[in-house]
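The block underneath contains the structure these notes are about, expressed in structure tokens.
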């Protein structure tokens, strides 16, 4: 209980319920609570329930806002208006979509495995909600501070692999099965570079606690280790099944992939889970690489976190509106022949620099940053040459085909 009471929000609500000496000293403006300190566990449970209720409903409202914002921004990218009929600037369009999905007919295929078919969309949503429990939304504003928070996040994000496999297999549809297997191959491939990119952050922070990672960022790790930031960002995009890595839902090949047989709220849960995962991934990137709540004191810490959070979400939307869909072989090649090696280079360079400067000063940190940027550009140039387009053979079949055309 002492760990969660370090959170200002949790302690504030808890002290409104429970009468204790600690609360009286911390919040003198609050009168004594109506629950005796003898039954403090009741106040603890009520406070936890209230905060969980806020986080869950805040995530749902955030998904509606993201759906509307993404449609509006993509509309601008594509030189069109986007949603503009329901409500001012179309803000009620996501609400109309949610109502429509809830009242659609719920169909279950005859050949499906009913238990697996129903469990898969639930397993897509619930783990994402658990991620918000360890995200600090401002200074001393969190639900819980796990000493293995980074490991917890990486473990939770890997469960979507099981969810999409269950969805494809449980539906009994060949397109769903192919989409599920394709998703598993891609997600497992990109989980490895994403975890290795986080290792560079852990090495510098010396802790697995997300709060300790934020507090250790004298220079944001996105600037200090651009190679780790880039690989983590690309791997996160692939884990979210967003463009240009949305090959698992390629409508021209697989209809809707593992979601082909889903309808009504089962489909709505997949839709909800993907957008909620985008919000959660953006918050994780802000914590690990952008300094979390840190910023000039002209604004409260919560505002700085929110500004960075919205900017990261806009980056994901920008990716979707800009990059074309990659082929399966290109996706796998990028993971195993590009990102995997780049993350190893990032870890090796950080380890060497930390051997040279075990306890770096500000000046030494900037020197290390300059070296890391040199490593960044050299690595990208080398792997760009290795993974770039291959020239046509002079006497090969490919050249003959080009000449015939």
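The values are calculated or read from the model by the stated rules, or taken from the named source; none is laboratory data. Quantities reported herein were computed from a predicted structural model and do not represent experimental measurements. Every residue, glycine among them, receives a Cβ derived from its backbone with ideal geometry; neighbour counts consider all protein chains shown.
Between 24, 40, which is touching a helix residue (DSSP H, G or I) at 6+ places or on another chain (Cβ under 9 Å), at pLDDT below 80 and surrounded by fewer than 16 Cβ atoms within 10 Å (Cβ to Cβ)?
Of 24, 40, the one residue that is touching a helix residue (DSSP H, G or I) at 6+ places or on another chain (Cβ under 9 Å), at pLDDT below 80 and surrounded by fewer than 16 Cβ atoms within 10 Å (Cβ to Cβ) is 24.
Failed condition for residue 121, given (1) under 15 Å from the mean Cα position of the chain (by Cα); (2) modelled with pLDDT of 85 or more; (3) more than 17 Å from residue 53 (Cβ to Cβ); (4) part of a helix (DSSP H, G or I), with all others met?
Result: residue 121 passes all but (1).
If a residue has to be assigned to a helix (DSSP H, G or I) and crowded, with 20+ Cβ neighbours inside 10 Å to count, how many in segment 206-221 make the cut?
Selection size over segment 206-221: 5.
So which residues in segment 83-118 are under 25 Å from residue 52 (Cα atoms) and either free of Cβ contacts under 8 Å to residues at least 12 places away in the same chain or loosely packed, with under 14 Cβ neighbours inside 10 Å (or both), if there are any at all?
Matches in segment 83-118: 99, 102.
Within segment 275-303, can you find the residues that are over 21 Å from residue 225 (Cβ atoms) and touching a residue at least 40 places away in the same chain (Cβ under 8 Å)?
Scanning segment 275-303 gives 275, 276, 277, 278, 279, 280, 300, 301, 302.
Just a yes or no: is a residue in segment 230-250 in contact (Cβ under 8 Å) with a residue 60 or more places away in the chain, surrounded by 23 or more Cβ atoms within 10 Å (Cβ to Cβ) and either out of contact with any helix residue (DSSP H, G or I) (no Cβ under 8 Å at 6 or more places or on another chain) or farther than 30 Å from residue 117 by Cβ (or both)?
Yes - at least one qualifying residue is present in segment 230-250.
Just the residues that are buried (at least 22 other Cβ atoms within 10 Å of the Cβ) and assigned to a loop (DSSP other than H, G, I, E, B), please, taken from segment 266-312.
290, 291, 292, 293
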